[in-house]
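Notes follow once the structure below has been shown.
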Amino acid sequence: MACGSNEPKVAIPEGIPPGTGSPTPPIDINAPGRSADQLADWAAGLSDDIGIGTTALEAYGYAAAVMAETLPSCGIGWTTLAGIGSVESRHGTYDGSSVDASGQVAPIIRGIPLDGGPGVAEIPDTDGGTMDGDPVHDRAMGPMQFIPETWLKWGVDANGDGRVDPDNIDDAALTAARYLCARGGDLTTAAGWQQALMAYNLSGDYLALVRDRASAYSVGVRPD
């Protein structure tokens, strides 16, 4: 709200699931190359207002569009993916990283060692350190913070480059959407959405934070 404006502040909806936000236009989800590029105009129209870079926003929108066509019973909105991306990595920009036009995040983002320390799960290494760079304990990887074991099971190539890469926000967003839909079932229900988010991160505080940010995106504003 501009200084001195009499316009009321946009109310952020409460409850779950968060709204699904501005609908994406029809696209060919199987178009050659980076199919998410078809959402460039849609993303550009929202990016400044909600504070998400256009490439990341295209990735979230494309992932939701793919699920709407391939698994319509899920009903996941791009806002949920954006809420997770915001919490996990500031949409691929954590600690100075950036997202290029192909969706690649650099420098790569890695979480702390999952060594069982205070407030941290203990997950011994599952990939020999080949993906996360740690041969002792697993670390979460990329803009959506997948551990190697989960990525190996659910990872998918979403930008048509022939690689399944946790450090590419297109791949990571669609992988997150697939995982959430599998774990929650119908994400248009409160129970389904909560079940999906708790499978992603077993924390009520995490769920509330994702919900708050996704709800802000759903009405076209930046989260507080």
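The values are calculated or read from the model by the stated rules, or taken from the named source; none is laboratory data. Since the structure is predicted, the reported quantities are computational estimates derived from the model, not experimental observations. Virtual Cβ from ideal backbone geometry, glycine too; neighbours counted across all protein chains shown. When the accessible area is computed, the model is the full protein with side chains, heavy atoms only, and any ligands, DNA or RNA have been set aside. Shrake-Rupley method; radii C 1.70, N 1.55, O 1.52, S 1.80 Å.
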Quick calc, Thr188 & Ser47: beta-carbon distance into FRET formula, R0 30 Å, rounding 0.05, result 0.70
Between the helical axis of 40-50 and the dominant principal axis of the chain, each derived from Cα atoms, what acute angle in degrees is found, rounded to the nearest 10? 80 degrees
Between Ala40 and Ser73, what FRET efficiency comes out of the Förster formula 1/(1 + (r/R0)^6) with R0 = 35 Å and r the beta carbon distance, rounded to 0.05? 0.75
In Å, the Kirkwood hydrodynamic radius of region 46-94 over pairs of distinct alpha carbons? 11.0 Å
Does anyone have the angle between helix 204-218 and the longest principal axis of the chain? Alpha-carbon axes, 0 to 90°, nearest 10? 40 degrees
So if the hydrodynamic radius of the chain is defined as the Kirkwood radius over C-alpha pairs, what does Stokes-Einstein give as its diffusion coefficient at 37 °C and 0.692 mPa s, in µm² per second? 186 µm²/s
Can you give me the % of accessible surface on the chain that is carbon or sulfur? Probe 1.4 Å, all protein chains present, nothing else counted. 52 percent
Remind me, what semi-axes does region 58-120 give for its equivalent ellipsoid, largest first in whole Å, using sqrt of 5 times each Cα gyration tensor eigenvalue? 26, 18, 9
Estimated inter-spin distance, Val10 and Ser98, nm [label 7 Å along Cα→Cβ]: 2.7 nm
Gap in Å between the Cα centre of region 41-71 and the Cα centre of region 170-222? 15 Å
If the only charges are +1 at each Lys and Arg Cβ and -1 at each Asp and Glu Cβ, what is the size of the charge dipole of the chain around the Cα centre, to the nearest 20 debye? 480 debye
Output ordering of 209-219, 164-174, 113-123 (per-residue mean of other Cβ within 10 Å, highest first) is 164-174, 209-219, 113-123
Using alpha-carbon positions, the gyration tensor of region 113-212 gives root eigenvalues a ≥ b ≥ c; with a/c under 1.5 called rounded, otherwise prolate if a/b exceeds b/c, else oblate, the class is oblate
Computed from the beta carbon distance with a Förster radius of 41 Å, FRET efficiency for Asp157 and Val120 to the nearest 0.05 stands at 0.85
How many nm separate the modelled label positions at Ala31 and Met198, each set 7 Å beyond the Cα in the direction of the Cβ? 3.9 nm
Nearest-20 debye value, region 130-216 charge dipole, Cβ charges on Lys, Arg, Asp, Glu: 340 debye
Relative to the longest principal axis of the C-alpha atoms of the chain, give the angle of the C-alpha long axis of helix 169-184, reported between 0 and 90° and rounded to the nearest 10°. 90 degrees
So, over other residues within a Cβ distance under 12 Å of Ile52, counting Lys, Arg +1 and Asp, Glu -1, the net charge is 0
